[in-house]
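Presented below is the structure to which this report refers.
The values are calculated or read from the model by the stated rules, or taken from the named source; none is laboratory data. Remember, predicted model here, so these are calculated numbers, not experimental data. For neighbour counting, all protein chains shown are included, and Cβ atoms are generated from backbone atoms with ideal geometry for every residue, glycine included.
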Amino acid sequence: MNYEILYRGAFAMLKVRLNPGETVKAEMGAMVSMSPNIDLKGTVDGGFMRGLGRMLSGETFFFQELSANRGQGEVLLAPPSLGDIEAIELDGSYKLFVQKDGFLAGTSGIEVNTKMQNLGRGLLSGEGFFIVEIGGRGTVFLSSYGAIHAINLAPGEEAVIDNGHLVAWPGYMQYSIDKAAKGWLSSITSGEAIVCRFRGEGVVLVQSRNPSGFANWLKRFLPRGN
C-alpha cells in the first residue's frame, strides 16, 4: 500500500493507493472519494464491546472499511476538523495512546482499542476516563486540530504540555497530571489550570491549536440569547 499526505497544514487529505487484496480502515465518514472498483462497508472491527469502548473514548462505534477486491484502486480520506495528518509506523512492540478524535485511518494490521485511565487522570486530563489505544503492526494515520509538532525527549528529560494540545504519545512513556503553576490560583488565572508532565525517553505529538480554546474564542462572536 502506498500513501501520500496532500495539502499539509490546515486542510490535509490522505491519498491511499490500494493494491489488489489490500484494505484500509478509516473513521466513519472519512471517505472523500474512491475508485469505482473499491468496496466500502461499515464494520465494528473487534465486536460490540470494542466498539462500545471506542464510543466511551470519544471515537465512533463503526469504522468504514475500504477494500481493493476488484483490482488496484485509490482512496481519498479526510478528517472532519481543520488540521494536519501524520503517519506513524507501529511494529507491534508498544501501544500508542491517542487523544479522542485523533484516529483517522490505519492499515489492516492496526487495532484500535480503549484504555481506562485511573480516577485522577480521568477527572483532570480533559480526555475522560477512556483514551484511544492503538496497537498492532502497520501504519496508523492520525489527525489533529492545527499542525502537528513532535517533542523529542531524551531519557529522563521532561516536558510540560497543555492537555488540550496533546495528539499522541507511546504507551511506555511516563506521564502525570499536574497543576500548571505552583499554586492552584495561579494555575487557574493563567488560563492553563491542568497540564500533563511527560518524562522521556520518547516522542510526544502535539497540535498547534486547542479545540476548547477555539470554541471559547468563537463564543465571543455568537449572538447571545435572552
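Within the range 165-208, which strands (runs of 3 or more DSSP E) (wholly inside it) include 1 or more residues that are hydrophobic (A, V, I, L, M, F, W, C), surrounded by 16 or more Cβ atoms within 10 Å (Cβ to Cβ) and at pLDDT 85 or above?
Strands (runs of 3 or more DSSP E) meeting the threshold: 166-170, 194-199, 202-207.
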Which condition number does ILE151 fail, the rest of (1) modelled with pLDDT of 95 or more; (2) under 17 Å from GLU27 (Cα atoms) being met?
-> (2)
Residues of the range 7-33 classified as without any contact (Cβ under 8 Å) to a residue 40 or more places away in the chain and over 19 Å from THR107 (Cβ atoms), total = 1
Return a yes/no flag: does the range 43-50 have any residue that is surrounded by 15 or more Cβ atoms within 10 Å (Cβ to Cβ), more than 30 Å from SER208 (Cβ to Cβ) and at pLDDT below 95.
-> yes
For the subset of the range 10-25 comprising residues that are aliphatic (A, V, I, L, M) and surrounded by fewer than 19 Cβ atoms within 10 Å (Cβ to Cβ), which member is farthest from SER81 (Cα to Cα)?
-> MET13
For the range 69-103, which residues satisfy the criterion of being in a loop (DSSP other than H, G, I, E, B), among the small types (Gly, Ala, Ser) and more than 9 Å from the chain's Cα centre (by Cα)?
-> GLY71, ALA78, SER81, GLY92, SER93
